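Everything below concerns the one structure shown next.
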Amino acid sequence: MLEVQDLKVSYGRLEAVKGISFTINQGECIGLIGPNGAGKTTTLNAIAGVLKRSGGSIAFEGEKLPNQAPEATVRRGISLVPEGRRVFQGLTVEQNLRLGASIRSDKEIDSDIEAMKKRFPALEKYATTRAGSLSGGEQQMIALARALMARPRLLLLDEPSLGLAPLIVDQVFELVDQLRSEGITILLVEQNGLRTLELADRSYVLQGGRIAMSATGAEDFAEVEKAYFGAEDSNAVAKETAND
Amino acid sequence: MSYLRHRVLALETPILLSLILLLVTFVAPSAGLSIENRAIVMLINVALVVGLYSFAGLSGVLTFGHMSFMGIGAYAGALVTIPVVAKGSLLPDLPGFLANAEVSLPIAILIGGGLAALFAAIISLPIARLPGLALSLAMFAVLIICYQVEANWDSLTRGRQALLGVPTNTTIWVALATAIGAMFVVFAYQQSRFGLRLRAAREDEYSAAATGVNIVRERRISLVISGALIGVVGVVYAQYLGVFTPNDFYLDLTFMTIAMLVIGGTRSLTGAVIGPMLVAVLTYTLQQGETVTGPGLQQVGLAIVMVLVLVFRPSGLTNGKELKLSTVVTRFRQGRADRNGRSSETDKAMTAVE
Amino acid sequence: MTDVIQAVVDALSLASLYALLALPVALIYGIMGLINFAQGELTMIAAYGLFLFAAVTLPLAVFMALVLVVVAALAMERVAFRPVRNSSEETLLVTSFAVSFLLQNLALIIFGSRPKSISTPSSLSQSFDVGGIFIDAVAILTVVLAVVCIGGLVLFMNRSRFGISMRAAAEDFTMARLVGIRANAVISATFAIAGALAGVAAFVLVVQSGSAFATMGLTPVIIAFVATMMGGLGSLRGALLGAAILGVITVGFDQILSEELRPARDAFVYGAVLLVLLVRPSGLIPSNRERV
């Protein structure tokens, strides 16, 4: 469904993603894990069109994606839930959901909103409240529901569990699992390596802008940890950054 | 290379720039009085834009109010140099100490620069605390306030009427000395630890703060230095004009100086010197066209050039580089060897700011 | 007593005009981080539009001037600001400064430096005596126009789908694009609204002064800056509050300043604003706009 080929992304002279390739099949949930600065968020942003890629190609559903604006990528069926949730704080919960359907003009928007409220009871309760006044967990639900309102076929999730209470984190992972069973393909970026390995069909460990290894389940965790810290040899990483 | 040697070698930039200005000063008078006058204005503009650069360039905050210091310098310098007899009829209501003052140009420069510096120090108390964009706009408010005061304080400034009788002491050599003096002062400041701290804060406010740079304090210092310099230029400019009104230090001048700095490049002393020179040539050319279009073409052309620079080369022609002889020579040799990669050579002719 | 009521009436009409000037500046800053110096030149363009079309009937002239200024605003965004859209806020500000100067001097070349007088219906220049309080027809007009424009804008921003998209974009531009809101459409619409508001303000100014001239945009844009800065950059409510306060203190200084200090009234007004900023550097109602 999504084919990333030799993707490269640079911030000025600094190359953050140095040629990574991976494929996601229809209905899969793929994890991207790795330490801070490994290039996970950069990869997601490049797929979503927030960042321009400096090299490589991305194909979605068999068609090449040009280096396009985020508003065009959503229209292709790819939605990003960015890090830090970024709900529209000054708008009501319902307005946030409705904005999620910005690319749609069909008659089912209202019924979709009702469906979201059923799925996330908190959204029903606070429908007319300013989104900014809700808790972090509730805001994460708004952000997810808002992304789903676009009816994406590929959902990009950036650190959905960041800064949430353990109980809420469980809910988030459960929800991701549900969404996959509903047929939405998911690319999940996470710091929480073990949980991601357990959930995802396949995970890639990023390290210094490259894919260091791929893993399929929790049994690979020890090896993944080694890829995180063993090879880290912070001097080598620092040197590599300096050389770029 | 030792640190000290490195610093001394860096002097190359202001020395080279001074030589260019010296050349202009030698050549211009032979081309007639009108060209000589243009050269004087250009040298004064160099000093002015270098003064503006010492705040706007080093702190990274372009201000719209620095010409207020020029007005203060001009009026202060004029009031202490206009002959006592003339003052009696021009400004009969002057307070006694001013009415009887008549000093030489150097003293007037001290007074004008000092007063502008004092004013800068006072306004820096609130202004330096503001975040970048608000600082730009607050300085704009300061400019408007100064203009209003100058235009309405009749007993001191003759209000909107021209202040005349100012002795015209500014020769091309005085203008040259001002420009070169300003350049060396700002260069010394730029290389000093104060200048370094300010530049560090410009590049990355948070990292600089984390290493102990007090950005508000550094901006205050910079405001006072730039205020003093621009105040001095105000004195010198007034002694060139002989007659002036508050309008001479208001929006047109603000626009012109910002355009010069932006075109030359806000991030290097070389840019602050080259900008006014380029603009002088440009406005001279456009002025010839004004005989056809009527007044305004100069400003229109300058504004277009400025927008083009902002779109296509936002860091100005110098792109943050300083002029260095060693690299000019290299460029010359490379230019012979390879005449194609011209744009990269222009960059090489300037080396990055240390 | 009548003095006080008179002052209140004056302040109300002044604050209404200031609100019309400040809103578009705050609106554009909120969406794209641009403090638009050239907003004043939009006012100037609309005023010259009124001058050019004044030969036909007034309603048609107003309509044509509005069309002209909206087109000018859209063109300004397209030609000058889109190429630098992703630059720093300061680059944007300097660019708008250059655009403002360009348009001012272009007008100088085209129309000359003498003001062009524009005749407006005499009914607009009369004044009513209500129990010792003088109310100008133009003051009533200003208040009515401001209420209609602000009310319309508030309705649009709160009720319409596009208006809500604009609020979303003002809060977090990248996120708005991620849900599919088109950046170009939102920015163009913002400039169109800014142009229309400039047109309305120009109408008021022309009725007040009876003329159009090249530098007429300067004072309005300065007032707009000061009001938005005092209210809090990027916050619409802040801009309205700033405009109101500016109107009140301007009238206030008119009342308390002595005869010889009154010409320098603006110096006192802006001095007072600097004092406000000393206490609250981010303005009275700081916006929660995300800095990108």
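What follows draws every value from the coordinates through simple rules; no lab data is involved. None of these values were measured; they are calculated from a predicted model. Cβ atoms come from the backbone with ideal geometry, glycine included; neighbour counts cover every protein chain shown.
Can you tell me the FRET efficiency between B:GLU203 and B:ARG313 if r is taken as the Cβ-Cβ distance and R0 is 22 Å, rounded to the nearest 0.05?
On the way: r = 19 Å, r/R0 = 0.88.
Working from the Cβ atoms, E equals 0.70.
What ranking do A:GLU182, A:GLU114 get, fewest neighbouring Cβ atoms within 10 angstrom at the top? The partial results should precede the final answer.
On the way: A:GLU182 9, A:GLU114 12.
Ranked by crowding around the Cβ, least crowded first: A:GLU182, A:GLU114.
What helices in chain C pass both tests, a Cα length along the helix axis of 24 Å or more and a mean Kyte hydropathy of 0.5 or higher, using whole DSSP H runs? Please report the intermediate quantities before stating the final value.
Values: long enough: C:2-32 (45 Å, 1.68); C:58-76 (26 Å, 2.84); C:89-111 (32 Å, 1.53); C:137-159 (32 Å, 2.28); C:183-209 (38 Å, 1.83); C:236-256 (30 Å, 1.50).
What comes out of the filter, once short or polar helices are dropped, is C:2-32, C:58-76, C:89-111, C:137-159, C:183-209, C:236-256.
With charges only on Cβ, +1 for K and R and -1 for D and E, what is the dipole size of chain A about its Cα centre, in debye, rounded to 20?
Values: 28 positive and 33 negative charges, 185 e Å.
Approximately 880 debye in magnitude.
Relative contact order for chain C: what percent, with Cα pairs under 8 Å and sequence separation of 6 or more? Don't skip to the end; give the middle numbers.
Working: 455 pairs, mean separation 101.2, N = 292.
Reported relative contact order: 35 percent.
Which one of C:LEU14, C:LEU58, C:GLY195 is farthest out on the positive end of the charge dipole of segment C:2-216, using unit charges on Cβ (Lys, Arg +1; Asp, Glu -1) and the Cα centre as origin?
Sorting the options by dipole projection puts first C:GLY195.
Tell me what chain C gives for mean residue ellipticity at 222 nm when only DSSP H runs of n ≥ 4 count, each as -39,500 (n - 2.57), the sum divided by the residue total, rounded to 500 deg cm²/dmol. Don't skip to the answer; put the middle values down first.
Working: 11 runs with 205 residues, N = 292.
Taking each H run of at least 4 residues, the total per residue is -24000 deg cm²/dmol.
Quick one: plug the Kirkwood hydrodynamic radius of segment A:101-166 (C-alpha pairs) into Stokes-Einstein at 4 °C, 1.567 mPa s, and report D in µm²/s. Write out the running numbers ahead of the final one.
On the way: Rh = 12.9 Å.
Value of D from the Cα-based Kirkwood radius: 101 µm²/s.
Just how far, in whole angstrom, is segment B:23-65 from segment C:13-71 if you go by their alpha carbon centroids?
Going from one Cα centre to the other spans 37 Å.
Most fluctuating residue of B:VAL46, B:VAL300, B:VAL232 in a GNM of chain B with Cα springs under 10 Å: which is it?
B:VAL300
Ignoring the sites themselves, what is the longest stretch of chain A with no trypsin sites (Lys or Arg not before Pro) in a DSSP loop and at most 14 other beta-carbon atoms within 10 Å?
Details: sites that count: A:ARG13, A:LYS52, A:LYS107.
The answer is A:108-244.
Report Rg/Rh for chain A, rounded to two decimals, where Rg is the Cα radius of gyration and Rh the Kirkwood radius.
Numbers: Rg = 18.0 Å, Rh = 18.5 Å.
Result for chain A is an Rg/Rh of 0.97.
Provide the percentage of antiparallel DSSP beta bridges, counting only those with both residues in chain A; round to the nearest 5.
Numbers: 22 of 40 bridges.
Approximately 55 percent, going by the DSSP bridge assignments.
How many angstrom separate the Cα center of segment A:82-127 from the Cα center of segment C:120-183?
28 Å
With Cβ to Cβ distances under 9 Å as the rule, what net charge do the other residues near B:LEU133 carry (K, R +1; D, E -1)?
Numbers: positive: none; negative: C:GLU89, C:GLU90.
With Lys, Arg at +1 and Asp, Glu at -1, the neighbours total -2.
Report, as a whole number in µm² per second, the diffusion coefficient that Stokes-Einstein gives for the protein assembly as shown at 37 °C and 0.692 mPa s using the Kirkwood radius over alpha carbon pairs. Please report the intermediate quantities before stating the final value.
On the way: Rh = 30.4 Å.
Reported coefficient: 108 µm²/s.
Using the Cα atoms as the points, what is the convex hull volume per residue of segment C:147-292 in Å³? Write out the running numbers ahead of the final one.
Details: hull volume 19.7 nm³, N = 146.
In segment C:147-292, the Cα hull volume divided by residue count equals 135 Å³.
Hey, can you list the DSSP H helices of chain B whose Cα span along the axis is 20 Å or longer and whose average Kyte-Doolittle score is at least -1.0?
On the way: long enough: B:12-27 (23 Å, 2.23); B:33-59 (38 Å, 1.48); B:105-127 (33 Å, 2.29); B:132-152 (30 Å, 1.62); B:172-191 (28 Å, 1.58); B:215-241 (38 Å, 1.20); B:269-293 (36 Å, 0.96); B:297-312 (22 Å, 2.49).
Flagged H segments are B:12-27, B:33-59, B:105-127, B:132-152, B:172-191, B:215-241, B:269-293, B:297-312.
Mind checking which of C:TYR270, B:SER30, B:ILE144 is farthest towards the positive end of the protein assembly as shown's charge dipole, using Cβ charges of +1 (Lys, Arg) and -1 (Asp, Glu) about the Cα centre?
B:SER30
Extent of segment C:57-216 along each principal axis, from alpha carbon coordinates, in Å, largest to smallest?
Principal axes ranked by extent give 57, 41, 29 Å for the Cα atoms.
Could you please report the charge total around A:GLY183, scoring K, R as +1 and D, E as -1 over all other residues with beta-carbon less than 12 angstrom from its beta-carbon? Display every interim value, and only then the final one.
Working: positive: A:ARG151, A:ARG153, A:ARG180; negative: A:GLU28, A:GLU182.
Here the charged neighbours net out to +1.
What fraction, in whole percent, of alpha-carbon pairs in segment B:3-250 exceed 26 Å separation?
Numbers: 12983 of 30628 pairs.
So the portion of pairs separated by more than 26 Å is 42 percent.
Just to confirm the filter: which chymotrypsin sites (Phe, Trp or Tyr not before Pro) across segment B:135-179 are DSSP coil and have at most 15 other Cβ within 10 angstrom of their Cβ?
Details: sites: B:PHE140, B:TYR147, B:TRP153, B:TRP173; in loops: B:TRP153.
Passing sites in segment B:135-179 do not exist.
With both bridge residues required to lie in the protein assembly as shown, what share of the DSSP beta bridges run antiparallel, to the nearest 5%?
On the way: 32 of 50 bridges.
Bridges in the protein assembly as shown are about 65 percent antiparallel.
Expressed as a whole number of Å, what is the distance separating the alpha-carbon centroids of segment B:156-195 and segment A:162-233?
Between the Cα centres of segment A:162-233 and segment B:156-195 lies a distance of 65 Å.
Restrict the search to segment B:93-175; then list the trypsin sites (Lys or Arg not before Pro) that DSSP places in a loop and that have at most 13 other Cβ atoms within 10 Å of their Cβ. Present the calculation step by step, with values, prior to reporting the outcome.
On the way: sites: B:ARG129, B:ARG158, B:ARG160; in loops: B:ARG129, B:ARG158, B:ARG160.
Counting only loop positions with at most 13 other Cβ atoms within 10 Å, the trypsin sites (Lys or Arg not before Pro) in segment B:93-175 are B:ARG160.
Just how many pairs of Lys in chain A have C-alpha atoms closer than 28 Å, counting pairs that are eight or more places apart or on different chains?
22
I'd like the GluC sites (Glu not before Pro) in segment C:71-161 restricted to DSSP loop residues with at most 16 other Cβ atoms within 10 Å, sorted by number.
Values: sites: C:GLU77, C:GLU89, C:GLU90; in loops: none.
Within segment C:71-161, no GluC sites (Glu not before Pro) qualify (loop, at most 16 other Cβ atoms within 10 Å).
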